[in-house]
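Okay, structure first, notes after.
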Amino acid sequence: MSNCTVIVADGDFPSPGGEARRLLERARRVVACDGAALAYRRRFRRWPDFTVGDFDSCRVAPPNAVRMESQDDNDLAKAIAFCRGRGWSDLVVVGATGQREDHTIGNVFRALEAQVKVVTDFGVFHPVHGRARLRAWKGAGVSVFTADPKARMASKGLVWPLDGVKFANPYCATLNRAAAVTIEVESSAPAFVYIESR
């Protein structure tokens, strides 16, 4: 997914050498969420292409700032809306996790709702609605999340298949393992399949 639009949230900044950092280094364009613009500038000695948010975290007004005041959405939701409004569909989020746990949960579920991939230093949240074939490594930790209790899923390549799982809560299909290097998941509703990085 190099040469994509990378949205940098204001959680833990991607570590050197990881997939999230490589995506950021090769991005077609970088859109930062509010305070993440300063973290990006410190590491890359330049501003991101755009900075989106209500600017309650960024002490300096960066160039190409896009102010969005709504308190009903977090800065990640605003950045995703900004990108989609420009017709950019090749979105990946980094920096969505770490630091504040409430922000981590909010960011992950905002990205799930928008069906946008999230890459961290520890793994990847893959959006799935319909069928997907995903690469893993044998023994990798795999968790599946959905906010829809009516979701029906089927899978291949997992130690504990998802077939027939009833999603009484968003996290009832966590802590699984990859039994193969390719995982197949089919979901009737938007879901995230988290695969641990090696």
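Computed from the coordinates by the stated procedures, all read-outs in this text should not be read as laboratory data. What you see is a predicted model; the values in this text were computed from it and never measured. Cβ sites come from the backbone with ideal geometry, for glycine too, and all protein chains shown count toward neighbours.
Here are the numbers for this structure:
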| read-out | value |
| --- | --- |
| Global geometry of segment 5-121, whether rounded, prolate or oblate, following the gyration tensor of its Cα atoms and the 1.5 cut on a/c | rounded |
| Per-residue ³J(HN,Hα) for segment 103-119, Karplus 6.51 cos²θ - 1.76 cosθ + 1.60, θ = phi - 60°, Hz, x for Gly and Pro | 5, 4, 4, x, 5, 4, 6, 5, 5, 4, 4, 8, 6, 10, 5, 10, 10 |
| Under 29 Å between alpha carbons - lysine pairs in the chain that sit 8 or more apart or on different chains | 10 |
| Additional length obtainable on full extension of the chain from A81 to A189, 0.36 nm per residue less Cα span | 36.8 nm |
| Relative contact order computed over segment 5-121 (Cα-Cα under 8 Å; 6+ residues apart), in percent | 31 |
| Part-to-part distance (alpha-carbon centres) for segment 3-35 and segment 81-120, which is given in Å | 11 |
| Length-normalised contact order for the chain - Cα pairs under 8 Å, 6+ apart - percent | 19 |
| HN-Hα J in Hz across segment 87-101 - Karplus 6.51, -1.76, 1.60, θ = phi - 60°, x for Gly and Pro | x, 8, 10, 8, 8, 9, 9, 10, x, 7, 10, x, 6, 8, 5 |
| Gain upon complete extension [D56, K166; 0.36 nm per residue less C-alpha separation] | 35.6 nm |
| Long-range amide H partners of A173 with built H, under 5 Å | V144 |
| Mean Cβ neighbour count within 10 Å, used as a protection proxy, ranking 127-135, 86-94, 24-32 highest first | 24-32, 86-94, 127-135 |
| Residues R198 and R67, FRET efficiency given R0 of 45 Å [Cβ-Cβ distance, rounded to 0.05] | 0.65 |
| Amide H contacts of V165 (H built 1.01 Å from N, under 5 Å, at least 5 apart or other chain) | M153 |
| Cα gyration tensor shape of the chain, rounded if a/c is under 1.5, else prolate or oblate by comparing a/b with b/c | prolate |
| Mean separation of Cα contacts under 8 Å, 6 or more apart, over the residue count of segment 126-196: relative contact order % | 52 |
| Relative packing of 73-80, 13-20, which averages over residues the other C-beta atoms within 10 Å, highest first | 73-80, 13-20 |
| Cα gyration tensor shape of segment 126-196, rounded if a/c is under 1.5, else prolate or oblate by comparing a/b with b/c | prolate |
| Whole-Hz ³J(HN,Hα) from phi, Karplus 6.51 cos²θ - 1.76 cosθ + 1.60, for segment 143-154, glycine and proline x | 10, 10, 10, 8, 8, 9, x, 8, 4, 10, 10, 9 |
| Residues whose placed amide H lies under 5 Å from that of A65, excluding near-sequence neighbours | T51 |
